[in-house]
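Please treat every number below as a calculation from the coordinates, not as lab data. Being a predicted model, the structure only gives us computed values, none of them experimental. Note that each Cβ is placed from the backbone with ideal geometry, even for glycine, and that neighbours are counted across all protein chains shown.
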Amino acid sequence: MLSKIAALPLFPLLISSLPAACAAPAEPSSCGSLHPKWTLSAIDLSSYYTYTSPSASGPKLGSISFTFANSDVSYTAACKGNSVNPLGTFYSSQTFDCETEDGATWKKTSFSYDTASKIVVVNSTWTCNGGDVLYSTSGEGKAELECETDTWTNPEWEAGSGELYSNTTTTCEEGSLVIQI
Ligand SMILES: *[C@@H]1O[C@H](CO)[C@@H](O)[C@H](O)[C@H]1NC(C)=O
Ligand SMILES: *[C@@H]1O[C@H](CO)[C@@H](O)[C@H](O)[C@H]1NC(C)=O
C-alpha cells in the first residue's frame, strides 16, 4: 500500500536557488514508481545466550543488521537492531530506526524482525529529488538464512560455583532479501 502525502513546501524559493554543487545526487528516473524494489543486503543475524545454572538464564544478546536500498532513490540506509530478550529472540513489536546519510524526516526508514516467522517488516519514507511529495510505504519479506547453532556446556559446573553452566551461539550466513512493493 503506497500513499502519497503532499508535504508543505516550506522554503521553495530557497531550495530552488541552491547552487547545483550543493544538490544531492539525482534520484533514478524511476523515482515515483508505484512499485519500487527494495533490497536488504548483507543481512547479518546472530545470537548468543547463556545459562548460569540448568534453569537460570544469564546474559544474552540477539543482533541483526543489513543495508537497505530502495530502487526509487540513490542512497541506502544502515539498519541495526539488538535484542536482550530471553534467547536473544526478536519480536515484531520491537522497531528499530535505520540511519541514512542525514537524518531528515523524508528519508526515514525503520524495521522490525520476528525470530519465529523470520519476517522482516520495513517502513520507509522518501521523496524524489527532495520534491514536495512524500512517499511512505511498508513492505515485508522472509529472511531465509542458513544458520548454525552451537551449545557448549561446562563439564565442571557445580551449583554455587558462579561459573557459566552453558552458552549457545547462533550465527547465520550473510543473506539478502528483495521486497517488490
Ligand atoms: C510501520 O508503520 C506502522 C503504521 O504507522 C506501525 O504500526 C508499525 O509499527 C511500523 N513498523 C515499523 C517496523 O516501523
Ligand atoms: C562459552 O564459554 C566458554 C567458557 O567461558 C568459552 O570458552 C567459550 O568461548 C564460550 N563460547 C562462546 C561462543 O562465547
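Rounded to the nearest 20, the Cβ-based charge dipole of the range 44-181 about its Cα centre (Lys and Arg +1, Asp and Glu -1) stands at 400 debye. The GluC sites (Glu not before Pro) of the range 139-181 that meet both conditions, a loop assignment by DSSP and at most 15 other Cβ atoms within 10 Å of the site Cβ, are 144, 146, 156, 158, 163, 173, 174.
Bridging of residue 107 to lysines at a Cα separation below 19 Å is possible for 4, 37, 80, once same-chain residues fewer than 8 apart are set aside. Fully extending the segment from residue 150 to residue 33 would add 37.6 nm, taking 0.36 nm per residue of separation and subtracting the current Cα-Cα distance. For the range 42-181, the normalised intensity computed at q = 0.09, 0.11, 0.16, 0.22 Å⁻¹ comes to -0.36, -0.49, -0.84, -1.28 (log10 of I(q)/I(0), Debye sum over alpha carbons, equal scatterers, no solvent).
Only loop residues by DSSP count here, and only those with at most 16 other Cβ atoms within 10 Å; note down the trypsin sites (Lys or Arg not before Pro) in the range 78-177 that meet that. Qualifying residues, ordered by number: 118.
Can you give the FRET efficiency for residue 129 and residue 169, using 1/(1 + (r/R0)^6), R0 = 35 Å, r = Cβ-Cβ distance, to the nearest 0.05? Don't jump to the answer; show the numbers that get you there.
Working: r = 45 Å, r/R0 = 1.29.
Between residue 129 and residue 169 the formula returns 0.20.
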